[in-house]
Amino acid sequence: MPDTDFQSAAPPSPWRLPHRFWLDLLVVALVGGGFFLLALGGRPYANPDEGRYASIAAEMLASGDWLTPRVNGVQYLYKPPLFYWLEAAGAWAFGLSPFGLRLAPLLVATFGLCATYAAGRALFDRRTALWGTGLLGTALLYYVTSRFLSLDLTLGVFTAASLLAFIAGIDMRPGWPRRLVLWSLYLFAALAVMTKGLVAAVLIGLTVLLWLAATGRWRLLRTAELPAGIVIFLLVAAPWHVAMTIEHPAFFDFYFVREHFERFLTREHHRYEPPWFFLAVLAVGALPWTPLLPAAWRDIGAWWRQRREAVSRDGAGGGTLFLAIAVLVVLLFFSASSSKLIPYILPLFPPLALLAARPVARFAAGTTVPWIRPGLWVTAIAFLVGGLIAPLLALMGHAGAAPHFLRLQARQMAEGGFAVWIAAAALLAGGAAAVFLLRRGRPVNDPSGSGSSGRLALYALGLAWLPLLVSANFIAGGVDERSTKQVAELVLAQERPGDRVVVYHNYFEDLPVWLNRRLTVVGYHGELEHFLQNEDYSGWLIDQPRFEEIWAGPQRILLVLRKDYTSHLERSGLAPVYELGEGGNFLLYSNQPPPEG
């Protein structure tokens, strides 16, 4: 079958949900959510980001102040609170723990799969929708952020859901189904703004306007439910911003000016990367499906060459073009920014997954699809190489023979134990099976290699990738030099009622979460300095003279110190100092001797 089947099934009726829609959606939610659930709480919080966001949710739960995000009692006005609210809900239901807090990104990631499936059914067909959710849920960056406390996945999912709601609903016949779908566009946009600010509205607006300009369908703006949509958007996004502006006079300038315009236009935040940075992030983040992406872009090129005919068949009258524009807008927008971090491009993953799913789904169904087979070869070879490198790094880590630039990775592999060998075995088995299947040749009636052997190679690689992702949770958690979990356990074992926990010239973001208490910080320097003039924090953010005063007083002090800071403590001349033990990369001291026995 030639590779020109841009719409393998007619778009579903706008008045009726497609056959088996709800059953498929339930399966996607259960399978995707169940997969994300594996080993969710097995890794300590990663500092600084996970510790910071966990501590904000913990403070909201403890204080009952759901308006103002705070870190160790200090205002944290960088971002809106939606993600912190979601974290706190999980912690309220399942306890203040990595599992309870990480339920927030898990549920968001699962919703992203459901939104991708629903859009795939509306725009294309069931096969493409299911493959889209599979490619999205197993993409490396999407999977990693599904179990990481960060705002970027929530921003990405709600931004993508808003875009997908627009293109799925804009060409539906007038009526309540269309109205509800388009209203959800504005709801998801507001939720994205409540996650990380106005950047979501910019991305959504740019994508829609460029698509309207490319298709010349400006009249659609008159039927896009704008009046009701604006009301929905403002009802969700405006109250918190207004309340914060009233409650905190410094909020407006810091949040709107510094955190939006200055962050995008200047290098003040020291997050500058070259313009090609996100191309590299995309190449790694889309693994193991990166070698299959050229087939998707070839698909888009073929669609563009036949666009007059394809638009009449393509769901939503140009869904392929809209998805391509969405991917390019996110990629180019953040590439132009002076502030770049790896997960910023997450909003492009759902539309990209649907674009990639089209040729993959046709290949899996036995259709001739150029560039898929070479992509499978590249993936299979990469699996074999990775399966050999992982145990080699583990052995180098055990022997202490790793090069300096691989020292941390080798230690993680060495501490990963059985998980490393499971991951390596999966890569080797999947790569070897795919090579064997791809080498079986091309039957005369299957010139693309997309018959049973090609399809089985695709499935072998996908199945081998799943145990690797799960094993990576144990490997990554094996060594974290910045985690305070071990010293927190020591503090909890040693503390008595009335003790005061102090950290010295370093603030450890996860320590207040493990201890479920506010810390006294000596000589604080960091991102919270922007807010130190807004309120009086002198009770727990103290200088050296005040520290020496309380150290000499009757209250028992438990001092947590990084091992490489012991010389600073010695030079301070502090006395008496009693060492109570060590935990991980940290030491615990006190101004009083440990109890006898």
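Quick notes
- Across the chain, C-alpha contacts under 8 Å between residues 6 or more apart give a mean separation that, scaled by the residue count, equals a relative contact order of 16 percent.
- Taking the Kirkwood radius as Rh and the Cα radius of gyration as Rg, region 509-597 has a ratio of Rg/Rh equal to 0.96.
- Spin-label pair R20-V202: with each label point 7 Å from Cα along the Cα-Cβ axis, the two points sit 4.3 nm from one another.
- Share, in percent, of DSSP beta bridges within the chain that are antiparallel, nearest 5: 55
- Which of L541, L86 is most accessible, then next, and so on - probe 1.4 Å: L86, L541
- Over region 87-154, Cα pairs under 8 Å with separation of 6+ residues give a relative contact order of 33 percent.
- Among 167-179, 189-201, the order from most to least packed when residues are scored by Cβ within 10 Å on average: 189-201, 167-179
- Semi-axis lengths (Å, descending) of the ellipsoid that matches the C-alpha gyration tensor of region 135-233: 26, 14, 13
- Accessible carbon and sulfur surface of the chain relative to its total accessible area, %, 1.4 Å: 65
- Multiplying the residue separation of R546 and E582 by 0.36 nm and subtracting their alpha-carbon distance yields 10.4 nm.
- Its Cα centre serving as origin, region 476-597 has a Cβ charge dipole (Lys and Arg +1, Asp and Glu -1) of approximately 220 debye.
- Under 22 Å from the Cα of K485 - lysines, other chains or at least 8 residues apart: K563
- For the chain, alpha-carbon Rg relative to the globular expectation (2.2 N^0.38 Å, N residues): 1.06
- Since only L559, A464, N506 are under comparison, the one whose Cα sits farthest along the positive direction of the charge dipole of region 418-569, derived from C-beta charges on Lys, Arg, Asp and Glu, is A464.
- Residue-normalised accessible area of the chain, expressed per residue, 1.4 Å probe, Å²: 43
- Taking Cα centre as origin and charging only the Cβ of basic (Lys, Arg, +1) and acidic (Asp, Glu, -1) residues, the dipole magnitude of region 118-209 rounds to 240 debye.
- Remark: the chain carries a charge dipole of roughly 2760 debye about the Cα centre, counting +1 on each Lys and Arg Cβ and -1 on each Asp and Glu Cβ.
- Length gained when the stretch I230-A214 is fully extended (0.36 nm per residue, less Cα-Cα span): 3.3 nm
The values are calculated or read from the model by the stated rules, or taken from the named source; none is laboratory data. Since this is a predicted model, take the numbers as computed values, not measurements. Please note: Cβ atoms are built from the backbone with ideal geometry, for glycine as well, and neighbour counts cover all protein chains shown. Accessible surface is based on the protein model in full, side chains and every heavy atom, while ligands, DNA and RNA are left aside. Shrake-Rupley method; radii C 1.70, N 1.55, O 1.52, S 1.80 Å.
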